[in-house]
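A short write-up of the structure that comes next.
Bear in mind these aren't lab numbers, they're just calculated from the coordinates by the rules spelled out. No experiment lies behind these values; they were computed from the predicted model shown. Glycine also receives a Cβ, built like all others from the backbone with ideal geometry; neighbour counts cover every protein chain displayed.
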Amino acid sequence: MSGPARAWPVVVRGVAFALFAGAISVACTEPEASGPPVLRPGLDVCAECGMSIVDTEFAAGVLVERGGHREHLVFDDLGCLLVWATDPSHAVLDQWTMTLDGKAWVALSAANIVAGSSRRTPMDSGIMAFEQSTGATAAVAADGGAVTPFDQLEIPEAMRP
């Protein structure tokens with residue numbers, strides 16, 4: 001066998017390999033990030049300060065667009081999210097916070113936020129979130145502060161760059 005007849009099996013093997021490699025790369029591709037992040041306490045680190053996220057009830061998360069793909073970033077304290085968000089180059093698609101009363105992710109826009117509390121948070125921002133307004137009101141009565149919409153929060157003095 002010589003010439004074109006001999007090259008035929010090589011071509012078939014090359015095409016088969018290309019199809020196999022393409023199928024493997026599609027099967028190994030991670031699905032595009034969506035919804036709130038999955039927290040891994042003790043493994044995840046804050047995207048702003050680099051501290052390990054241990055106290056998950058104070059955590060916050062965002063979904064961002066970077067380099068043409070979506071990814072989650074997590075924060076150990078809502079104050080860290082506020083500091084990080086001062087950079088206008090971040091393409092934030094969605095934001096969540098964990099809550100002290102429900103211990104679950106809640107859209108940041110729907111959370112009942114307490115700011116200026118004397119309760120200790122991971123970075124001492126004194127900012128915490130509650131799913132229910134009754135939890136936020138009780139926290140203010142116990143530890144001070146005020147219920148504040150997220151879009152009106154300011155970076156606490158101790159965390160300002």
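Extension gain, Glu57-Ala91: 0.36 nm per intervening residue step, less the Cα-Cα distance, totals 9.7 nm. Computed from backbone phi with θ = phi - 60° and the Karplus coefficients 6.51, -1.76 and 1.60, the 3J(HN,Hα) list for segment 48-64 is 9, 9, x, 6, 5, 8, 10, 7, 5, 5, 9, 6, 9, x, 9, 10, 10 Hz; x is used for glycine and proline. Note on Thr134 and Glu65: their simple-model spin labels are 4.1 nm apart, each label 7 Å out from Cα toward Cβ. Label separation (Lys103 vs Ala146): 3.2 nm, computed from points 7 Å beyond Cα along the C-beta direction. Summing Lys and Arg as +1 and Asp and Glu as -1 over all other residues whose Cβ lies under 12 Å from the Cβ of Val74 gives a net charge of -4. Working ranking of peptides 86-92, 105-111 by packing, defined as the average number of other Cβ atoms within 10 Å per residue, highest first, is 105-111, 86-92. Other residues whose C-beta falls under 14 angstrom from the C-beta of Gly135 contribute a net charge of -2, scoring Lys and Arg +1 and Asp and Glu -1.
Note down the Stokes-Einstein diffusion coefficient of segment 33-76 in µm²/s, whole number, using a Kirkwood radius over alpha carbon pairs, 4 °C, and 1.567 mPa s. Kindly include the intermediate steps, with their values, before the conclusion.
Working: Rh = 10.7 Å.
For the chosen part, D equals 121 µm²/s.
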